[in-house]
Structures are given as structure tokens and as C-alpha cells.
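Here's the structure, in C-alpha cells; my notes come after.
The values are calculated or read from the model by the stated rules, or taken from the named source; none is laboratory data. Remember, it's a predicted structure, so these values are computed and weren't measured experimentally. Glycine also receives a Cβ, built like all others from the backbone with ideal geometry; neighbour counts cover every protein chain displayed. For accessibility, only protein heavy atoms count, side chains too; no ligands or nucleic acids. Shrake-Rupley method; radii C 1.70, N 1.55, O 1.52, S 1.80 Å.
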Amino acid sequence: MTQATDTAAVGRDARQSRTPFVLRLVRQPAGAIGLAIVVALVVMALFAEQIAPYSPIKMAAGRPLTSPSLAHLLGTDEFGRDMFSRIVYGARLTLQIGLIAVGISLSIGTLIGLVAAYAGGFVEKLLMRSTDVVFSFTETLIALAFVAVLGPSLENAMIAVGIAGVPFYARTCYASALSEEGKPYFEASIAAGAGHARLLFLHLLPNVVPTMIVIATLGLSNAILAAAALSFLGLGAQPPTPEWGAMLSAGRDFFNRAPWLMLYPGLAIALTVLAFNILGDALREALDPRAKERS
Amino acid sequence: MALVDISDLTIGFGAEATAPPVVDGVDLSIGKGEIVALVGESGSGKSMTALSIVGLLPERGRVRAGQILFGGKDLLTFGEAALRSVRGARIGMIFQEPMTSLNPVLTIGEQLVEALIVHEKLSKAESRNRAIAMLERTGIDNAERRLRQYPHEFSGGMRQRVMIAMMMALKPALLIADEPTTALDVTIQAQILDLLREMVRDLDTSLLLITHDMGVVAEMADRVVVMRDGKVVERGDCEAIFAAPQADYTRRLLAAVPTLDDPTRETTTTSFGPEVLRLEDVSRSFGGDGFFSRQAPLKAADGVTLTVREGETLALVGESGSGKSTLGRLAMRLEKPDGGRVVVAGEDITRLSGRGLRRVRRAIQMIFQDPYASLDPRFSIGRTIAEPMIIEGGASRSEVRERVRALLERAGLSASMAGRMPHELSGGQRQRVAIARALAVSPRIIVADEPTSALDVSVQAKILDLMIELQEAEALAYLFITHDLAVVRRIAHRVAVMRKGRIVELGAAADVLERPVHPYTRSLIAAAPVPDPARRGERHHWQPEAEPQSPDMAGEWCAVGDEHWILA
């Protein structure tokens, strides 16, 4: 985030009476629950080696298709791999996929939206109309098309999902920037002689960032779901990668004998998506500068 | 017996221990056929008091004590169903923004007829006839055709008429009008107030009028109740309150109200410096160039020529849609003129762009109407004021900090405000910050677009005083855009009256306000409410029929006095 340091010092000596941001977030039950699940996911992802009792790809860690037990908390799959370990390592992959895909959508989308709103005229029409064209196709379809061209792999799935998400971020950012641009404070800054960079990055960007953070958090769940769908179709993560979507897909063949093979990856995906969704909603509340005084 | 008798009403938000009440032990009674004005500044609790009568307090708002007797029964003991039968049928309400009280997806007819069917149990045909009759009574032409139109096809004044028509059709015993004319132009306001008075007289309705405008109070009220911080500070007959206010607060409130009888500012044409802003035959139109639209372009500015000299205030007066704000934006080059020239401090900025424009434009700064949107919500106050200096460059950090302190104090704020965020400030304080920011680049002229119309009168008076003081100290020029003639009187040296994109009258403030020549200026002045109940009814109404019908008002400039011109 481009945070200006130039004038920040001017007001630093005066009193700061604002409630810390995190406090505002966790005061809401939804924020606390969402944040707790997301933190758990991050811990799982960071310390997968320490948490997982087995290697996620080691075959015959136990007998194939054993049901959940103390030795194998979530059972084993058809190759005898420990499901719990695979889910834990899967968290790492899932977060990676989500963050990279959203990172791609967010950065390109924000840039397009800001530039279109600020430049106006021909540039605006060109950028937004082409965005509209892409937007008229379903995200999954675009992602599929990209993977079809790039070839099936986890990396390509991330890129595909990221690019497919660009129009949504571009339009949100565009709308948000347009409304900020019309406000008097923006014109006052123009009148004070502010140049393009200052207007774009010190006034427009910081004021659209809260909106973008919220939709990125909500978009994370979307991206995770889309990537899982690609993997489920065999176009994303390839075996033996412990990706939740791919695991879900592999578990289909054994659904009758070993339902846990589909249940736990499915639950993991659902819980993650839910967590990011409610966290996103809570973030929107907490990031509203006018909401700070509310208790 | 009084129709409404409120006693010891106390309203608060949230838990009693933590939040002080917003309405604190208010007593209020309204007799049959009486007009009671509830007066106070924002936050005084006047709207809360009114809303509690109909049980429409906002979420978390609770009546903590008291009773509201309406026709002898305590409304506070009513359940939701019982209240609903009272609302509309027995107690009507009119709000400030009529667009929000009308359903945008239903035609006016459907809404009027529905209200009649629900409350009066009339047949459909009967309701229709009654609705037409009511619309006609409120002065809406072509009522039958109008019934089939949607709210957005009506102007603000028309929508307020529809609301009143709806109320008249239901013949409520009590009408609560919350700032019913605040969003309207003065000429329309005068008509709406007449309509309300007629309704009270003909239907023997009681009217609770909530307003901050002492002019409206003087025009309308039988009795006045003044509120402050949730408490009643004074009550009495309208004449008595205006003639001899007892409470300190009332006295200050009345003193702060600018009136058309205040002396205008001294104007000797020679006392001003060189010209700092010149608009030459400036034009700007909107629309008409769209691919799909065949509408004729709207001329927001149509060959306007104006000059403002150093140390002078030129007030630009007009009703909404007259193009006065567009003219201000053209002077700032926030809007590019279609034709003509804009000259700021001797330099033609019409064709400038980029760096050149940025340099020259620093001589002209702007103050905006909405104090909430005019400061970047993510910039601290200090950073906002420092920004123009940072852009200019060349000053060290400590110099900038020193200058921010000086500017804050100059604008009547304490230097410690620098660390605050905009949302922590009141409207008046924000407007002071906006003034400090405008001064930061030492401009020659400031374009002020309705800088006080979102503020309470007492705050407005202080902001105007500040602007005058700054002008005298630094020979600043102002292009002051407003719809409020009383404010014009307080601050302007010269006045330009604008209508449909053209200046129709231009001259010294005393000449234009006291000896208006153009019929439009006359109608504006006649419609302005006078805050003096003794002079009620002196107002002359402008008849729209009297207006010259030629659409583009082609005309010639004629001198009607010394430096006093009209378009005829």
C-alpha cells in the first residue's frame, strides 16, 4: 500500500484517540469467528511439517482406506496416505492459491479501475468496455479456457483464476474511484495543484483500498473455490499434490466404502470459504472510518 | 383541551447509565388548529421529540419517561397495530426530502388512491376523484394526467405538494412537518408555506412545524418552543419570542439570523484593488452530445461576463439549476468552458493545462458546501492543510508544521487540532479547516460555493464573520455562491443574480437588494421569509405566470443605475 509519509509527521504530536483496528474487528462476533478460523488455517499452513504426523505423499503410512482412528485422525486414502496430514498440507496450498490468484486479480483490477476512472475519455471507454466483454463470460469458463491454453498445472490454475477475477475487481474499483473523484476533497486537492501521482496514489487509492480489501477477502473464498473446481476437474493440482479439490475428486471412487475421503476435504473447503466470507463482512464494518466511534 | 399534550418526555439511546438523554423532560402541547414551531439547531432533539409522537424513533432510541396524550389517550401505551391506525389517518407527516417519502416505483395516483382506500375505506372511483381534487387544490395543473406520473417526473416543490395533497385527503387532526421547505428554493418555499397555512385554516388541522429557519417560524407559527440539548429553553407566543426573547440562547439564536434589514457592506467602487478574476462571455452546456440522447443541451452558463476585484465579494445568487455552481467551477477551471475566457490574476487559464494550469490555479481556491465530503477522510487535519504547501515544495518539515499551526489559529481553531481526523470534527470546524486549507497557498480569490448552507445559523454567523475578517486582513476576493439573500447582505459588496445560465441583474448589494429592477430579482426578494412576525403577510407572491415566456431570454444589457445593470 502506498502510504504517504510526507505530511504524516505534522499531526503526530497531537493526541490519537482511535480504537485499534484489530480491536474493532474482533468486537464483532463474526469478525472473531472468521479471524479465528483464518488464523488456524495460517498456523496449519506455516507449521505443516510440525503438525502433520506423516508426510502427505508417503504411501502406506497405514493400511489403505482405514476409517478415522487415533493413529489416523481422519483415516487413510486408497494408497494408505494419512488424510489428516494431507488436509494440513492442503491448507498451505489452498492459501497459496487463494493469495496468489487474488493478488493477480486485485493488482491488475485495481490498476485498471483507478486508471479508467481517473483518465476518463477514450482510455476509460477502452478499459471498461473490454472489461465488460470479459465479464460477460462466467469466471470458471475463462479460467478453463486459460488452463486449456496454458496446460494443466497448479501454477497455471492460479494464474487462470487470477485473470478470470480481474473484471470484477476492476469494476468495483472503478465505481468506488468514480464516487471518490466527485467529492469536493478531491477537487480541493486539484485546486491546490496536486499532480497525477498525488491524486491517484495519495487520495484515490487510499480511499478505495478499504473497499478493495473487503472484496479481496470475499474474493479469496471465490478463488479458492474456483481453483478447487479446476483441480477437481483434473486441470489444476496433479497427483500426488495434496490439494483439497483434487482430493475431493479422487475420493469419489470410494464414496461408498470410505465417505471420509470426500467429507473432510469438502468440509475443509466449505469452512475456509465461510471463514473468509464472514471475515470480509466484518472487515467492511471495521474499516469504515465513520464507524470508529461506534461501540 | 389540547389536542396533543406531551409531558416530561425523555428519550435516550442505549443504556441509561452510559448515554445521556437526547430529549430531556420536554413538555409540549398543541391546541386544535394551532401552529406550533419547534425550533432548535442540529442535535437539539427537536426531530426526536416529533418522531416519538408517531412511534418512529430510530433503532435503539427509547422513550425512558413521560407521556404523549393525543386526544386524551397516551400514544406511548399503544401497540404497533394501534399506532399504525393513528399514523396517516389521524397524524400525518411531511419530511424534508419528499423523494424519500414517496415510493419511486408507484405512480403518484396509485399512492394517493391507496392511502384513501386504506384509511377512508372509499371505493376506487371515489378515491380517484378525491385524489384529483386534492392535487388541484394544492395547485398542480393537469391533475388527471399527473396521477399517472412517477415521483421522479415531479420537481422537489411538486413532490412536496403531492405529500401535502395526500395529507389533506386524509384530513388528519395533527400534521407534523419536519423541515418541509429546507430543500426548496425560496419562491417554492413561499408557495408551500401558504399551502400549509391554508390546510390548517380550512381543515382545522394542528401543525407541528420543526425548523431551524427563524424566517419560516415568523411567517407561520402561533406559538414557538425553542429547544437546545434536549431541553426546552423557552416557549411562548410567536410575537413575544421575537419581540422580547427571555432565554439567553434564544436571544443569541435570533441575533445570529441574518435578515434583509441588516445594512449592506460599504461599497465604494474605488476602494478595491485590481481585478483578480474575469470571466468573459463564458459558456458551458451539458448533455445533447450523447449517442443515444436527443435532448437539447442544457445551458448551465450562457455567455456570462463577470469581474471580481481584490478585496471584493461578488455574490452569485440564484435558485437551484440556475448554473451558479457551474460558473464557480468554470472559474476554477474544474470545468472547461465551451466558449469564452477565464482570466485569473491577469493570466488567461482557459487554454492552460498540466503544469502551467496547476501553477496559475493556486491563485484561486475553493470552499465547498458539504463539510463532510470536502476533507479527505483518510487525511488528518494537519496533513490536509499541509498538502498545498507540500505540493508547492521548498518548505522544510518544521516550517510546514509551523504554518499549519498558524493557519489553524487563523481559522479560529486550536493548533492541537492538527492530529485529529475529519470525522472527529463538527460541521463548523470542518468548514474552518477547509478555509485554512484554501488559505495555505495564499490565494488572491476564493470561490465559496454555499459554504454555510449546511450549517446551523449560529455557526453560519461565525463562519461569515471569519470570512469577512480574513478578507479585510488579506485583501482577499470572494466569489460567493448562495441562494440565501440574507447571507448575501451580510457578506457581499456586489451581487449578480443568475437565472437559467445567464446573469439577469448585476450591481452593488444595496442597489440590487433594495432597489431591484429585474422582475426575477424582485420575486426572489419578495419570497424570502422575514424573521419578524409583526411583518407577516407583507410578503408579495411572485406569480409564475408573470414570468416572460421567451425560453432563451435573449436580451440586452441596460444600465438602470450607477454600475447597476439588468438583462432586459
Those residues of region B:107-127 which are free of Cβ contacts under 8 Å to residues at least 40 places away in the same chain and touching a helix residue (DSSP H, G or I) at 6+ places or on another chain (Cβ under 6 Å) amount to B:113, B:117, B:122, B:127
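Any idea which of B:538, B:545 is open to solvent by 60 Å² or more (accessible area, probe 1.4 Å), over 30 Å from residue B:436 (Cα atoms), at pLDDT below 80 and part of a helix (DSSP H, G or I)? Even if it seems obvious, please write down each step before you answer.
On the way: B:538 fails: part of a helix (DSSP H, G or I).
Answer to the selection: B:545.
So that you can scan it fast, the table gives a plain yes or no per residue for (1) among the aromatic types (Phe, Trp, Tyr); (2) open to solvent by 20 Å² or more (accessible area, probe 1.4 Å); (3) out of contact with any helix residue (DSSP H, G or I) (no Cβ under 8 Å at 6 or more places or on another chain); (4) under 17 Å from residue A:230 (Cβ atoms):
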residue: A:113; (1), (2), (3), (4): no, no, no, no
residue: A:123; (1), (2), (3), (4): no, yes, no, no
residue: A:146; (1), (2), (3), (4): yes, yes, no, yes
residue: A:159; (1), (2), (3), (4): no, yes, no, yes
residue: A:170; (1), (2), (3), (4): no, no, no, no
residue: A:185; (1), (2), (3), (4): yes, no, no, no
Can you tell me which of (1) touching a residue at least 12 places away in the same chain (Cβ under 8 Å); (2) away from chain B (no Cβ under 14 Å); (3) open to solvent by 20 Å² or more (accessible area, probe 1.4 Å) is the one residue A:128 doesn't meet? (3)
Residue list for region B:165-189, restricted to those being under 20 Å from the mean Cα position of the chain (by Cα), among the aliphatic types (A, V, I, L, M) and modelled with pLDDT under 85: B:183, B:184, B:186, B:188
Determine if region B:19-28 includes at least one residue that is under 32 Å from the mean Cα position of the chain (by Cα), hydrophobic (A, V, I, L, M, F, W, C) and in a helix (DSSP H, G or I). no
When you go through (1) surrounded by 21 or more Cβ atoms within 10 Å (Cβ to Cβ); (2) assigned to a loop (DSSP other than H, G, I, E, B); (3) not β-branched (Val, Ile, Thr) one by one for residue B:148, which number turns out not to apply? (1)
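Each row is one residue, and each column tells you yes or no for (1) within 21 Å of residue B:179 (Cβ to Cβ); (2) surrounded by 14 or more Cβ atoms within 10 Å (Cβ to Cβ); (3) modelled with pLDDT of 85 or more.
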{"residue": "B:60", "(1), (2), (3)": "no, no, no"}
{"residue": "B:70", "(1), (2), (3)": "no, yes, yes"}
{"residue": "B:90", "(1), (2), (3)": "no, yes, yes"}
{"residue": "B:94", "(1), (2), (3)": "yes, yes, yes"}
{"residue": "B:121", "(1), (2), (3)": "no, no, no"}
Among the listed residues B:382, B:419, which satisfies the condition of being farther than 30 Å from residue B:347 by Cα, at the interface with chain A (Cβ under 8 Å from one of its Cβ atoms), crowded, with 22+ Cβ neighbours inside 10 Å and among the small types (Gly, Ala, Ser)? B:382
A careful count of residues in region B:470-488 that are open to solvent by 10 Å² or more (accessible area, probe 1.4 Å) and under 16 Å from residue B:265 (Cβ atoms) gives 6
Among the helices (runs of 4 or more DSSP H) contained in region B:175-292, which hold 3 or more residues that are on the phi > 0 side of the Ramachandran plot, buried (at least 18 other Cβ atoms within 10 Å of the Cβ) and among the basic types (Lys, Arg)? none
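From the list B:140, B:164, B:117, which one is surrounded by fewer than 22 Cβ atoms within 10 Å (Cβ to Cβ) and assigned to a helix (DSSP H, G or I)?
Values: B:140 fails: assigned to a helix (DSSP H, G or I); B:164 fails: surrounded by fewer than 22 Cβ atoms within 10 Å (Cβ to Cβ).
Answer to the check: B:117.
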Please work out which one of (1) in contact with a helix residue (DSSP H, G or I) (Cβ under 6 Å, 6 or more places away or on another chain); (2) more than 24 Å from residue B:286 (Cβ to Cβ) is the condition residue B:349 fails and give its number. (2)
Report, by residue number, each residue of region A:224-234 that is farther than 22 Å from residue A:74 by Cβ and open to solvent by less than 10 Å² (accessible area, probe 1.4 Å). A:230
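I need the full set of residues from region A:191-204 which are surrounded by fewer than 21 Cβ atoms within 10 Å (Cβ to Cβ) and assigned to a helix (DSSP H, G or I), in order please. Don't jump to the end; show me each part of the working.
The initial filter retains those residues of region A:191-204 that are surrounded by fewer than 21 Cβ atoms within 10 Å (Cβ to Cβ), namely A:193-201.
A:196, A:197, A:198, A:199, A:200, A:201, listed by residue number.
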Criterion: under 29 Å from residue B:96 (Cα atoms), buried (at least 19 other Cβ atoms within 10 Å of the Cβ), within 14 Å of chain A (Cβ to nearest Cβ) and not hydroxyl-bearing (Ser, Thr, Tyr) - qualifying residue of B:460, B:431: B:431
Options A:256, A:222; residue that is closer than 26 Å to residue A:177 by Cβ and more than 14 Å from chain B (Cβ to nearest Cβ): A:222
Could you list, in sequence order, the residues of region B:392-403 that are within 8 Å of chain A (Cβ to nearest Cβ) and either of a type in the set (Gly, Ala, Ser) or under 14 Å from residue B:439 (Cα atoms) (or both)? B:392, B:400
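Among the residues of region A:235-245, are any among the acidic types (Asp, Glu) and open to solvent by less than 10 Å² (accessible area, probe 1.4 Å)? Quick ask: steps written out before the conclusion?
From region A:235-245, those among the acidic types (Asp, Glu) are A:243; that's our starting set.
Next, only the ones that are open to solvent by less than 10 Å² (accessible area, probe 1.4 Å) stay: A:243.
The answer is yes; a qualifying residue exists.
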Provide a single number: the residues in region B:363-379 that are open to solvent by less than 10 Å² (accessible area, probe 1.4 Å), in contact with a Pro (Cβ under 6 Å, 6 or more places away or on another chain) and more than 8 Å from chain A (Cβ to nearest Cβ). 1
When (1) within 22 Å of residue A:263 (Cα to Cα); (2) loosely packed, with under 14 Cβ neighbours inside 10 Å are applied to residue A:87, the one that fails is (2)
In the list A:150, A:141, which residue meets the criterion of being open to solvent by 60 Å² or more (accessible area, probe 1.4 Å) and under 25 Å from residue A:273 (Cα atoms)? A:141
So in region B:297-341, with the set limited to residues that are in contact with a Phe, Trp or Tyr (Cβ under 9 Å, 6 or more places away or on another chain), in a strand (DSSP E or B) and small (Gly, Ala, Ser), which one is nearest to residue B:490 (Cα to Cα)? B:315
So which residues in region B:461-487 are modelled with pLDDT of 90 or more, assigned to a helix (DSSP H, G or I) and touching a Pro at 6+ places or on another chain (Cβ under 8 Å), if there are any at all? B:463, B:464, B:467
State whether the residues of region B:39-55 include one that is within 19 Å of residue B:173 (Cα to Cα), of a type outside the set (Val, Ile, Thr) and in contact with a Ser or Thr (Cβ under 7 Å, 6 or more places away or on another chain). no
